[in-house]
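Peer 1: Before I ask anything, here is the structure I am working with.
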Amino acid sequence: MWRSYSAAQPGSSPGSFQATSSLFATSRISFEQGEDEDSVRSRCAAFGATGSARIAGIRDQAESEEAARAYAAWQGKHPCILTHFESFKAAVEGKRLAVFLDYDGTLTPIVSNPDDAVMSEEMRDVVRAVAQAFPTAIISGRGREKVETFVQLKELFYAGSHGMDIAGPRDESGGSSIGSVFQSAFQPAAHFRPLIDAVYECLEARLKAVPGSSVEHNNFCVSAHFRNCPGEAWQSVISAVEDIVAQHSDLRMTRGRKVVEIRPKVDWHKGTALTHLVEALGLAQQPDVVAIYVGDDHTDEDAFRTLEETRQGRLGEAGKQGRTAPLGFWDGFHGPEQRAESL
């Protein structure tokens, strides 16, 4: 399950938390444990300190130490693939792999302008080689057509709008190259498109006066980016999205890295998209199938949970002596360049 965490820096805005994961999420760690207020006050009194500043300082230190211990314990259970690659190879030896990849931050660097997140030629060659060896899909919150334009590889499966728009590999004529199941795009939230169009126009008008903000139409969801907002301007972006969502009972707000999104209230996300693809490919309920997911955002947690909750080797657990044993690795790579090398 290749997974790594880096806590947000003090004072950072929402969306600055990172998670890089793949391959069977098996456990979750809360890094919010710490001493309660009474314990902190008692420690402050022992040091002869008074005042909220001293209390906050000791509490922050205690929470930081607890987080460090929890993270170290988690790493002990989930070896880094950089230093345990032979163990990883042994774990997947003889298995059939299916590879699922996030796009932004995973295959391309996070950039100030979302429209500049173009895949490098080196990464394109790497992904092409992976797709030639294993079924490979990109699952992104972006609109599917936009991701296809960025990637320019017809041999891939693409799931845009957090999996609400799925299409398979295309042949030279533009049709499906693997049969009727992917002859046309699968769009479980298609009936929400008129509402999403209206939401996009409304949000774009609301945020025109917010410096550094931008609005992106992703077909079946709308993204409001605040990475370039100065000072506290990002709060206006959050408020605008919350106001719009409050007006529609069938919409919800989700958060990513320096972005908030408006999505339909449908039981569909990157995890259900992953399940759909595995089943459509005939790989479900196969004990020799290993599904690998690589991503770095909050929204990728839906895919990790799916791999965690799905047992019996269905989506990537390797059987051993008649029992299923989840594989647990985290990638430890920093940025698309190192990840290209790993792929």
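Peer 1: Taking Gly271 and the conditions (1) in contact with a His (Cβ under 8 Å, 6 or more places away or on another chain); (2) buried (at least 19 other Cβ atoms within 10 Å of the Cβ), which numbered condition does it fall short on, given that it satisfies the others?
Peer 2: Tallying (1) in contact with a His (Cβ under 8 Å, 6 or more places away or on another chain); (2) buried (at least 19 other Cβ atoms within 10 Å of the Cβ), Gly271 fails exactly one: (1).
Peer 1: Take Pro211 and tell me if it is within 30 Å of Ala240 (Cα to Cα), modelled with pLDDT of 95 or more and part of a loop (DSSP other than H, G, I, E, B).
Peer 2: yes
Peer 1: Looking at the range 225-234, can you tell me whether even one residue there is crowded, with 23+ Cβ neighbours inside 10 Å and touching a His at 6+ places or on another chain (Cβ under 8 Å)?
Peer 2: There is no residue in the range 225-234 that is crowded, with 23+ Cβ neighbours inside 10 Å and touching a His at 6+ places or on another chain (Cβ under 8 Å).
Peer 1: List every residue pair whose Cβ atoms sit under 6 Å apart, with the two residues 6 or more apart in sequence or on different chains, where the first one lies in the range 217-241 and is outside the structural domain of Asp165 (by the TED database) and the second, anywhere, is assigned to a strand (DSSP E or B) and of a type in the set (Lys, Arg).
Peer 2: Pairs found: Cys221/Arg263.
Peer 1: Would you check if Glu145 is more than 30 Å from Pro211 (Cα to Cα) and either charged (D, E, K, R) or modelled with pLDDT under 95 (or both)?
Peer 2: Considered against the rule, which asks whether it is more than 30 Å from Pro211 (Cα to Cα) and either charged (D, E, K, R) or modelled with pLDDT under 95 (or both), Glu145 comes out as no.
Peer 1: Considering only residues that are touching a residue at least 12 places away in the same chain (Cβ under 8 Å) and among the polar types (S, T, N, Q), look in the range 118-153 and name the one that is surrounded by the most Cβ atoms within 10 Å (Cβ to Cβ).
Peer 2: Filtering first and then ranking leaves Ser140.
Peer 1: Being among the basic types (Lys, Arg) and either closer than 26 Å to Ser184 by Cβ or touching a Gly at 6+ places or on another chain (Cβ under 6 Å) (or both) narrows it down to one residue among Arg263, Arg252, Arg227; which is it?
Peer 2: Being among the basic types (Lys, Arg) and either closer than 26 Å to Ser184 by Cβ or touching a Gly at 6+ places or on another chain (Cβ under 6 Å) (or both) holds for just one of Arg263, Arg252, Arg227, which is Arg263.
The values are calculated or read from the model by the stated rules, or taken from the named source; none is laboratory data. Bear in mind that the values here come from a model prediction, so they are computed numbers and not experimental data. Note: ideal-geometry Cβ built from the backbone for every residue, glycine included; neighbour counts use all protein chains shown.
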